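Here, each number is a calculation from the coordinates, and none is a lab measurement. For clarity, every value in this text was computed on a predicted model and none was experimentally measured. For neighbour counting, all protein chains shown are included, and Cβ atoms are generated from backbone atoms with ideal geometry for every residue, glycine included.
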Amino acid sequence: MKLIESVNENSGPMSENAESMNENSEPVSENAEQTKEIAFEAVNLSFQYPDGTVILKNIDLKIYKGEFTIIAGPNGSGKSTFALHLNGLLKPTSGKLLVFGKDTKKHKNVSAIHKEVGIVFQNPYTQFVGNTVSEDVAFGPENLGFSRGEIKTRVDAALSAVRMTDLSAKDPSSLSGGEAQAAAIAGILAMGTECIVFDEITSMLDHNATGRVLNLIQELRERKKTVIYISHEPKDILSADRIIVLDKGSVTFDGKTECYLKSGIYPLPDLVQLMKLLQETGADVSEAVASPQEAADEIRKWMDKNSQK
Ligand SMILES: Nc1ncnc2c1ncn2[C@@H]1O[C@H](COP(=O)(O)OP(=O)(O)OP(=O)(O)O)[C@@H](O)[C@H]1O
Ligand SMILES: [Mg+2]
């Protein structure tokens, strides 16, 4: 609770949200409510680099199996550093991080944690290790010790899921940005990890490639995978069950998307701002719209109601 007290001192309404979510720390999505199994638990987690810079400060949170969580926050707030803790690539310098109850600091847990959590990074080209896309996708399951037959089945299924079968013999470094990101996602799918962390994966992609990658993530969500999606794109937040905001290494908001939108503190997607402006002029419309179609439906409903008066 130290974190919350310090947030309360420094900030306004945002701290109330942080407080209520952290006190309950209940799962917020339907998928998660069905299981209530804790995928990640950060306990008073702090991290500093050897040069002494403190990057993450006293983070206490639980992320439940099946949740779709967005981690947002300004540049340098510690999002990627936190992501690297989620599969044990970085370890807390104090406090701990548990993955399905396993402490990332304990050496004996390393391989079990790698089977549970995969990370896709912003720049897919730095992650490739194979000479061909297939070889690259096979690398993860090979490391997990699957048989040859099982590896082939997994690689074929993963490439088909990301619609990359036709490009399986290509050199990964020759792929376009969107294809490269799809190949990186296939590599994680082939490992069959329960949790997938995406760290700003669309920031280098154009509109079409972004759409393609977001569709893939939507499919993972439908398959009830635990997805942690790091982004500071305001429009992305609309798709989450839960938002965690990091600022200077501390959690300053942790709660449902609706609370985030209502808080009025954070940058909002254009569509949400439009709906809020309409509300200010007296329109009875919801601001929680995730697409132009939903906005149009909401405005149409309000207009129909008005014309009947
Ligand atoms: N190896 C390192 N040694 C010292 N400080 C580091 C190191 N790597 C990152 N940092 C610092 O840690 C802080 C948090 O970085 P991090 O990459 O986690 O932020 P981020 O929220 O992911 O930012 P962005 O939105 O730009 O990706 C930054 O101030 C960064 O300079
Ligand atoms: Mg980052």
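Numbers at a glance
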read-out	value
Residue 193 assigned to a loop (DSSP other than H, G, I, E, B) and within 16 Å of ligand 1 (Cβ to nearest atom)	no
Among (1) out of contact with any Gly (no Cβ under 9 Å at 6 or more places or on another chain); (2) surrounded by fewer than 21 Cβ atoms within 10 Å (Cβ to Cβ), the one test that residue 144 misses	(1)
The stretch 105-128 - residue that is without any contact (Cβ under 8 Å) to a residue 60 or more places away in the chain and in contact with a Pro (Cβ under 9 Å, 6 or more places away or on another chain) and, of those, farthest from ligand 1 (Cβ to nearest atom)	128
Residue identified as surrounded by fewer than 18 Cβ atoms within 10 Å (Cβ to Cβ), closer than 30 Å to residue 246 by Cα and either away from ligand 2 (no atom under 16 Å from the Cβ) or of a type in the set (S, T, N, Q) (or both) among 214, 220	214
Residue identified as among the charged types (D, E, K, R) and within 16 Å of ligand 1 (Cβ to nearest atom) among 102, 91, 152, 96	91
Selection status of residue 174, polar (S, T, N, Q) and over 24 Å from residue 115 (Cα atoms)	yes
Matching entry among 40, 68 (being more than 16 Å from ligand 2 (Cβ to nearest atom), surrounded by 20 or more Cβ atoms within 10 Å (Cβ to Cβ) and closer than 27 Å to residue 206 by Cβ)	68
Residue within the stretch 105-114 that is within 16 Å of ligand 2 (Cβ to nearest atom) and of a type in the set (S, T, N, Q) present	no
Every residue from the stretch 123-137 that is buried (at least 17 other Cβ atoms within 10 Å of the Cβ), within 16 Å of ligand 2 (Cβ to nearest atom) and in a loop (DSSP other than H, G, I, E, B)	127
Test for residue 97: is it assigned to a strand (DSSP E or B) and not hydroxyl-bearing (Ser, Thr, Tyr)	yes
